[in-house]
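To keep things clear, I will list the structure first and then write my remarks on it.
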Amino acid sequence: MSVPKWEDLNMDCLVNVLTRVGIESLLLGAPFVCQSWYKASLHPSCWQIINFQKIESGPLSWYFYDGITTEFIKSIINRSRGNATAVWLPDDCTEEALRYIADECPALKALILSGNLCYRYFPVIPELISKWKNLEQLRLGRLSNMERVFEEINCHCKNFYWLCAFGANIERDTASAIVTFLPNIKYLYMRKANIDRESLEMILQVCKELVLLDARDCVGYECDDQLLKLASHISNFQHEGSTLFDYEDYWGPNEHDSIYDDYLSD
């Protein structure tokens, strides 16, 4: 009996397998097994989920010690042929690359932006939202004009349900924009945000579709029975560690603080 060869594996099955591996394996592993694996690794289905942040901290980081280039980002996006549904942008992404992704990824459902990107390109981000009409999930950093982003989402992204604004300043105007433009939000992550009690109450009173609200380790409010009652419609309301004042200003950071994990649902 002859031994089956890798190149004889059904192409559809092989592509299905490679859609489950990470970007490093698609670049450094699969293409070098044999010709059929190389061909399969170029299939657009393998490039629907693109995590450039893995490259920044993975085996390829040595190659991009000066940062991930715009040309490289474009080449990876091109492999998806417009089918990319989730993109994690690298910290050193250029405006040119960001605009290219907006033009070439019309099927995008999830976009993860770092705090640095939000700071550098805050005038550009609202403008680009209109090109991602299928957007459902968005992670922002400390973006100063979130109100405009929410307004654009309301106009163009009818299936949007998931927002992460880790460490953001959720002021009254921002909270008002959330309840005005995202009243049906289901998942809202704002851990370590600055948010006062009135702004939090506004969100709790209006956003009745919330399934999860992560307001842990925030500064500006302390949870009590009244807030818990307002949040009773939320199956998962997380508020632990939130305080009225930022005690680190007086005592310094907690040595047991852990690094924040990226939020993105399956």
Quiz item: Averaged per residue, what accessible surface does the range 70-172 expose to a 1.4 Å probe, in Å²?
Solution: 41 Å²
Quiz item: In Å, what is the Rg of the alpha-carbon atoms in the range 130-195, and how long is Dmax?
Solution: 10.8, 30
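Give the shape of the range 67-140 as rounded, prolate or oblate, defined through the alpha-carbon gyration tensor: a ≥ b ≥ c are the square roots of its eigenvalues, a/c under 1.5 means rounded, and otherwise the shape is prolate if a/b is larger than b/c and oblate if not. Intermediate values should be presented prior to the final figure.
Numbers: a/c = 1.58, a/b = 1.06, b/c = 1.50.
It is oblate, given that a/c is not under 1.5 and a/b is not larger than b/c.
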Self-check item: Accessible heavy-atom area order of His43, His239, highest first, probe of 1.4 Å
Solution: His43, His239
Quiz item: Where nothing but the Cβ of Lys and Arg (+1) and of Asp and Glu (-1) is charged, how large is the charge dipole of the range 85-165 around its Cα centre, in debye to the nearest 20?
Solution: 240 debye
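Ser130 to Asn78: extension gain in nm, 0.36 nm per residue of separation minus the Cα-Cα distance?
On the way: separation 52, 0.36 × 52 = 18.72 nm, distance 2.06 nm.
Separation in residues times 0.36 nm, less the Cα-Cα distance, equals 16.7 nm.
Go through Thr174, Thr243 and list them by solvent-accessible area, largest first, probe radius 1.4 Å. Intermediate results must be reported in sequence, preceding the final value.
On the way: Thr174 10, Thr243 35 Å².
I get Thr243, Thr174, largest accessible area first.
List, in the order given, every pair from Lys39/Lys133; Lys74/Lys186; Lys54/Lys131 whose Cα-Cα distance in the structure shown is over 27 Å. Write out the running numbers ahead of the final one.
Values: Lys39/Lys133 31 Å; Lys74/Lys186 33 Å; Lys54/Lys131 25 Å.
With Cα atoms farther than 27 Å apart: Lys39/Lys133; Lys74/Lys186.
Using a 1.4 angstrom probe on the protein heavy atoms only, could you order Glu209, Glu152 from most to least accessible area?
Numbers: Glu209 90, Glu152 45 Å².
My answer, sorted largest first, is Glu209, Glu152.
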Self-check item: Percent breakdown of C-alpha pair distances by 5 Å bin, ordered from the shortest bin, for the range 161-246
Solution: 3, 16, 30, 31, 16, 2, 0
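Tally up the carbon and sulfur contribution to the accessible surface of the range 79-204 as a whole percent, 1.4 Å probe, everything protein left in place.
Details: 2220 of 4970 Å².
Carbon with sulfur: 45 percent of the solvent-accessible area.
The values are calculated or read from the model by the stated rules, or taken from the named source; none is laboratory data. This structure is a prediction, so every number in the text was calculated from the model and none was measured. Backbone-built Cβ (ideal geometry, glycine too); neighbour counts: all protein chains shown. Heads up: the accessible areas ignore ligands, DNA and RNA and are worked out on the full protein's heavy atoms, side chains in. Shrake-Rupley method; radii C 1.70, N 1.55, O 1.52, S 1.80 Å.
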